[in-house]
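First comes the structure, then the notes that go with it.
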Amino acid sequence: MLNILIIGNGAREHAIAEAIMRSGQMPRLFACMKANNPGIASLSEKIFMSGYSELAAIVAFAQASRIDFAVVGPEDPLNNGIVDALSKAGIPSVGPMQSLARLETSKSFTRDLLEKYRIPGNPRFRNFCSPDGIEAFLDELDGIVVKPDGLTGGKGVMVQGDHFQTKHEALAFCRDFLKDHASVTVEEKLEGEEFSLQCLCDGKTVVATPPVQDHKRRFADDKGPNTGGMGSYSCEDHSLPFIHPKDVAEGLAITQQVAQAIYRETGAYYKGVMYGGFMVTRSGIRLLEYNARFGDPEAMNILPLLKTDFVDICRAIIDGTLERLPIEFEKKATVCKYVVPRGYGLPKDHPDVRSTSARIEVGDVGQARLYYSSVDKREDGLYMTTSRAIGVVGIADRLEDAEKMAEKAVRAIHGPVDHRPDIGTPALIEKRVRHMREILGK
């Protein structure tokens, strides 16, 4: 009997758990969570409630459960070194060791890595450990992006025009970040359209999954503050309407070079998901950032489409045999829309903020899939917390049908909730295509 441990409690981990349990190898699932996700719990043999910094307790649970391997979902346990701790106990993981997870946890490490090994994709940038020299570099840039080093929950990037207007404000952000972070990265602001390319990596072989586009803005038509992600879509042809196959090929080539470079830099193979956030610009593909795990919501777009046994993929990543395994995805479109409390992303004094602890009811969602995120299952029903509640995914032969399926399902979830109705719609996608044409001068 194969015993697998999943670490994490979000919708991403619910999708991973579902993919594991679809395996023909009939594995037994064990879960380590810091909050009780009812979707993961329903699939698990046993659950263990723990913070992700409690490494000794997690390892002890894994040993007592006779775990064959672990799959690490979120960035926090990776940053804390859970893969290293499990490895010392003889338990391998799908997820990079702490020194390799710096690809996500340290913006400066990643920029320096690409520069050192002459890998294309870097924007113009400089890393600063003190305020000295920042003002002079800001004067050299037409547009500015400021990134603190370390984990920020996907919300630490400050962009001129969105979060600040002037170079004086940019300098103030840099100084503030340096109070709590070892360094800050200052980059040129890029113009283009973003796409997510989640790649499976065993340290030597890198395999791309279908590209996805995420939507960070809280409200329809890309309005409001940035969030952890309000939803995402992928297309049946495993491309996106505003990109060309060569764009995906370039993103994969960059990631393959990064996998080689990080081995040369650290002497260790990167085993897990290497997820690049890329932008198509007038000057070609540029790397915005890497994540050292599946995206949330992007995992919910690609894992349900897997035709290859996910357990086989995990084993191939761990064993370094990914090149021998044909990995296939269904040629279907997906649309994920997050159901969130009405007060999600709003100021603390807004009256809708009270919705973040409200009860919700899930009606008939039809053929759509539900992936639970920040919800609390109590005796009298399902309650939301302060973050995203449920990822709703429509899957169909055509993008238009997948979007309608997801939208219908969202409307069957009742309570003080909200979502972005425009994700995956023809109008928003046409806006992306038009923007890209303007960028390329077509």
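Which residue out of Ala259, Ala249 is open to solvent by 10 Å² or more (accessible area, probe 1.4 Å) and either without any contact (Cβ under 8 Å) to a residue 60 or more places away in the chain or out of contact with any helix residue (DSSP H, G or I) (no Cβ under 8 Å at 6 or more places or on another chain) (or both)?
Numbers: Ala259 fails: open to solvent by 10 Å² or more (accessible area, probe 1.4 Å).
The conditions single out Ala249.
Is it the case that the stretch 161-168 has a residue that's closer than 30 Å to Leu240 by Cβ, crowded, with 17+ Cβ neighbours inside 10 Å and among the hydrophobic types (A, V, I, L, M, F, W, C)? Even if it seems obvious, please write down each step before you answer.
The initial filter retains those residues of the stretch 161-168 that are closer than 30 Å to Leu240 by Cβ, namely 161-164.
Add one more test, that the residue is crowded, with 17+ Cβ neighbours inside 10 Å, and what stays is 164.
With the extra rule that they be among the hydrophobic types (A, V, I, L, M, F, W, C), the set shrinks to 164.
So far as the stretch 161-168 goes, yes, one or more of its residues are closer than 30 Å to Leu240 by Cβ, crowded, with 17+ Cβ neighbours inside 10 Å and among the hydrophobic types (A, V, I, L, M, F, W, C).
Anything in the stretch 204-240 that is of a type outside the set (Ser, Thr, Tyr), more than 18 Å from Glu330 (Cα to Cα), surrounded by fewer than 23 Cβ atoms within 10 Å (Cβ to Cβ) and in contact with a Leu (Cβ under 9 Å, 6 or more places away or on another chain)? List them, or say none.
Those that are of a type outside the set (Ser, Thr, Tyr), more than 18 Å from Glu330 (Cα to Cα), surrounded by fewer than 23 Cβ atoms within 10 Å (Cβ to Cβ) and in contact with a Leu (Cβ under 9 Å, 6 or more places away or on another chain): Lys204, Val206, Arg218, Ala220, Asp221, Asp222, Gly224, Pro225.
Report whether or not Val212 is touching a residue at least 12 places away in the same chain (Cβ under 8 Å), within 30 Å of Gly320 (Cβ to Cβ) and touching a Ser or Thr at 6+ places or on another chain (Cβ under 7 Å).
Numbers: touching a residue at least 12 places away in the same chain (Cβ under 8 Å): yes; within 30 Å of Gly320 (Cβ to Cβ): yes; touching a Ser or Thr at 6+ places or on another chain (Cβ under 7 Å): yes.
The answer is yes for Val212.
May I ask you to say which residue of Ile423, Ile429, Ile390 is closer than 25 Å to Glu193 by Cβ and surrounded by 23 or more Cβ atoms within 10 Å (Cβ to Cβ)?
Numbers: Ile429 fails: surrounded by 23 or more Cβ atoms within 10 Å (Cβ to Cβ); Ile390 fails: closer than 25 Å to Glu193 by Cβ.
From the options Ile423, Ile429, Ile390, the qualifying one is Ile423.
Looking for whichever is modelled with pLDDT under 95, touching a strand residue (DSSP E or B) at 6+ places or on another chain (Cβ under 6 Å) and not charged (D, E, K, R) here; the options are Leu370, Leu382. Which one fits?
Numbers: Leu370 fails: modelled with pLDDT under 95.
One residue alone meets the criteria, Leu382.
Does Val146 count as open to solvent by less than 30 Å² (accessible area, probe 1.4 Å), among the hydrophobic types (A, V, I, L, M, F, W, C), touching a Cys at 6+ places or on another chain (Cβ under 8 Å) and under 30 Å from Arg12 (Cα atoms)? Let's see the steps before the verdict.
Numbers: open to solvent by less than 30 Å² (accessible area, probe 1.4 Å): yes; among the hydrophobic types (A, V, I, L, M, F, W, C): yes; touching a Cys at 6+ places or on another chain (Cβ under 8 Å): yes; under 30 Å from Arg12 (Cα atoms): yes.
So Val146 fits the description; yes.
Of (1) part of a strand (DSSP E or B); (2) in contact (Cβ under 8 Å) with a residue 60 or more places away in the chain; (3) open to solvent by less than 10 Å² (accessible area, probe 1.4 Å), Ile360 satisfies all except one. Which?
(2)
Looking only at the stretch 22-38, which residues are open to solvent by 10 Å² or more (accessible area, probe 1.4 Å), without any contact (Cβ under 8 Å) to a residue 40 or more places away in the chain and under 26 Å from Met230 (Cα atoms)?
Lys34
Given the options Pro326, Pro347, name the one that is part of a loop (DSSP other than H, G, I, E, B), free of Cβ contacts under 8 Å to residues at least 24 places away in the same chain and more than 29 Å from Leu428 (Cβ to Cβ). Walk me through how you get there before you give the answer.
Values: Pro347 fails: more than 29 Å from Leu428 (Cβ to Cβ).
Going through Pro326, Pro347 in turn, just one is part of a loop (DSSP other than H, G, I, E, B), free of Cβ contacts under 8 Å to residues at least 24 places away in the same chain and more than 29 Å from Leu428 (Cβ to Cβ): Pro326.
The values are calculated or read from the model by the stated rules, or taken from the named source; none is laboratory data. The structure displayed is predicted, hence computed values, not measured ones. All Cβ positions, even for glycine, are placed from backbone atoms using ideal geometry, and neighbour counts span all protein chains on display. Side chains included, ligands, DNA and RNA excluded: accessible areas come from the protein's heavy atoms. Shrake-Rupley method; radii C 1.70, N 1.55, O 1.52, S 1.80 Å.
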